[in-house]
1. May I ask you to say which residue of 5, 95, 18 is within 24 Å of residue 200 (Cα to Cα) and among the hydrophobic types (A, V, I, L, M, F, W, C)?
2. Of all residues in segment 204-221, which are surrounded by fewer than 20 Cβ atoms within 10 Å (Cβ to Cβ) and modelled with pLDDT under 90?
3. Just one of the numbered conditions (1) modelled with pLDDT of 90 or more; (2) in contact with a strand residue (DSSP E or B) (Cβ under 6 Å, 6 or more places away or on another chain) is not true of residue 543; which one?
4. Output the residues belonging to segment 52-103 that are of a type outside the set (Gly, Ala, Ser), outside any strand (DSSP E or B) and buried (at least 17 other Cβ atoms within 10 Å of the Cβ).
5. Suppose we filter 146, 186, 101 for residues that are of a type outside the set (Gly, Ala, Ser) and outside the structural domain of residue 337 (by TED's automatic domain parsing); which single one remains?
6. Could you check residue 44 against (1) farther than 20 Å from residue 76 by Cα; (2) surrounded by 12 or more Cβ atoms within 10 Å (Cβ to Cβ) and say which number it fails?
7. How many residues are surrounded by 13 or more Cβ atoms within 10 Å (Cβ to Cβ), modelled with pLDDT under 75 and of a type in the set (A, V, I, L, M) if we restrict to segment 235-259?
8. Considering every residue within segment 272-282, establish whether at least one is touching a helix residue (DSSP H, G or I) at 6+ places or on another chain (Cβ under 6 Å), within 24 Å of residue 196 (Cβ to Cβ) and at pLDDT 85 or above.
Amino acid sequence: MVPGWTVRGHARHWGYAWYRIRVQVAGPSGERLALAGPSAVDDGYQVLEDGNLLGSFGGFSTSSPVIYSTQPMVFALPQSPDGGLTTRVLAFRVWMESSTLKDFPDVGGLRTAPLLGEAGAVAANYQLLRFEHFRADAHLILLAMLFGLLAIMAFSLILFDRSDQVYVWLGATFLLIMANDTMTVLVAATQHLSVVNGDLIRLVILRPLIYAAWLMVWWNWFGLQRPSWLPRAAAALTLLYALSTAMDRDLFFTAVPHPISSAFSIMYLVTRWLFPLLTLVCVVYGIRRVGLEGWSVLPAVILWGMAQFSSEFQFLSIHLNWFPFGVQVTLGDIANLLLAFVIAGLLLRRLLRTVRLQRLMELDVKHAQEVQRVILPEAIASLPGLAIESEYRPAREVGGDFFQIIPHLSDGSLLIVAGDVTGKGLQAGMLVALLVGAIRTSAQFDLDPLSVLNILNQRLWGRSEASATCLALRIAADGEATLANAGHVPPYLNCEPLEIDGSLPLGLVEDAEFTVLHFSLTPGDRLLLMSDGIVEATDVNGKLFGFERIHALLRDEVSAAALASAAQNFGQEDDISVISITRIAA
């Protein structure tokens, strides 16, 4: 490797340059010769023999040549008609991009000598160089595959916990790294992607997004809220870094004058320093918040920050790339792998903790199921003058519907309270337990339905997002009934809904007023109480079960269990509860 023209009297020169070589070749008549292009050149070239174009590396059909990352090339030379000693004049017309001046301090032109020889030997050497080229880039292919798998794994973790945004950012980060490594391979090993377009994709688009994504990974991983400006700063830095990179590397030198592009060099340097610095700040806040996890991340983040300044280290003759077994390994590759291993370990730790918490939650749910099973009455109850049937089908393990059937032995009356709390699951089950306890307590002192609803309303008032529809019904021994309703589905008497004014659910207004209705049950009358889970059952086409189906089933005098099953089979969306009260002759 020899120094380029920038350190041999042509500093800051970019564009075209000519190399001419006069070679004396001795060989038999008709011997086939070939020329192997230089293994290192800045940046593209055309090869000519005695003024005749043999071929080129790069695209020279336009005013601005298209250049590619240096790759082995072979050019066949015309056969010499005469044997013996002949003289051939070889010329290289070299083009170097302006942005290449920023890569190394000694760039420019041919960095290694071309090879002239017998065609078979040159072809064998070409194959060897291609293999060496592939081996040097093989690690990027493996890394791209690895980070692609890590991206799939990270995105799949979203299925286990949709509330944690860190898995989204992790998946996006790994996906961006995979795309960056893939683009690097395409630029280095093929002539499908030019250096300029590759730099535009890798340096202007992917690299700023990777920086910002890593920053947001640690922001979400440690659950930080401060400094609150950091996410907005990351977004602004991403745009500034992309703009300053494009200008600093003269990627638009045909449209933007060089002096204007050079003015962005300071911004480019500042934004490059700010990204690792903000990432380090984020990790320091994480250390203060979670301790051990933050300390385990710190070495990998510091190494990753150093890797972002590999070009500056190159200018200082400090090389941050190595070639074990002929495979190139850079500090950036090591830093990304170390970060991936650290995150894998932390993910395993978090997964074990999540599994442990899920087991505890499952145990809590089982306990809640047992409590709910105890506090709900039997499905069929027999009282003097009344036949009662109840059915309960929760939508989840723990339901939000509740009902209590409380007989009063002194006067033979019966109090029934039924309702539906907002929400589902364990939280709804806790509210059910609270309301059932309040019903049992209030029933010891006052069986008036309106009083019961007022007490329940006071219990729910002031609790965040706690409300419930409810009705309280008292049936005297002679069949006289009093019904108080708080936004619940009206009962059906002999297949027809009772006419009762609407009112607010429990827990919404402190001094709510509830509607009260008085009516009589004669022998043979059937009263049906139900939750809105029956009405709101929905089939696969989005059609509701509705009141018309309820009315048709009640005309057929179906049981409470049959009505609940019909709605459940139709498409259960909410908890289902049904209570059937029939007055019979004493």
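1. When all the criteria are applied, what remains is 95.
2. Passing the criteria: only 220.
3. If we test residue 543 against (1) modelled with pLDDT of 90 or more; (2) in contact with a strand residue (DSSP E or B) (Cβ under 6 Å, 6 or more places away or on another chain), just (2) comes out false.
4. 60, 65, 67, 68, 70, 72, 73, 97, 100, 101
5. 101
6. (1)
7. 2
8. Yes, some residue in segment 272-282 is touching a helix residue (DSSP H, G or I) at 6+ places or on another chain (Cβ under 6 Å), within 24 Å of residue 196 (Cβ to Cβ) and at pLDDT 85 or above.
The values are calculated or read from the model by the stated rules, or taken from the named source; none is laboratory data. What you see is a predicted model; the values in this text were computed from it and never measured. Because the Cβ atoms are built from the backbone with ideal geometry, glycine has one as well, and the counts that use them run over all protein chains shown.
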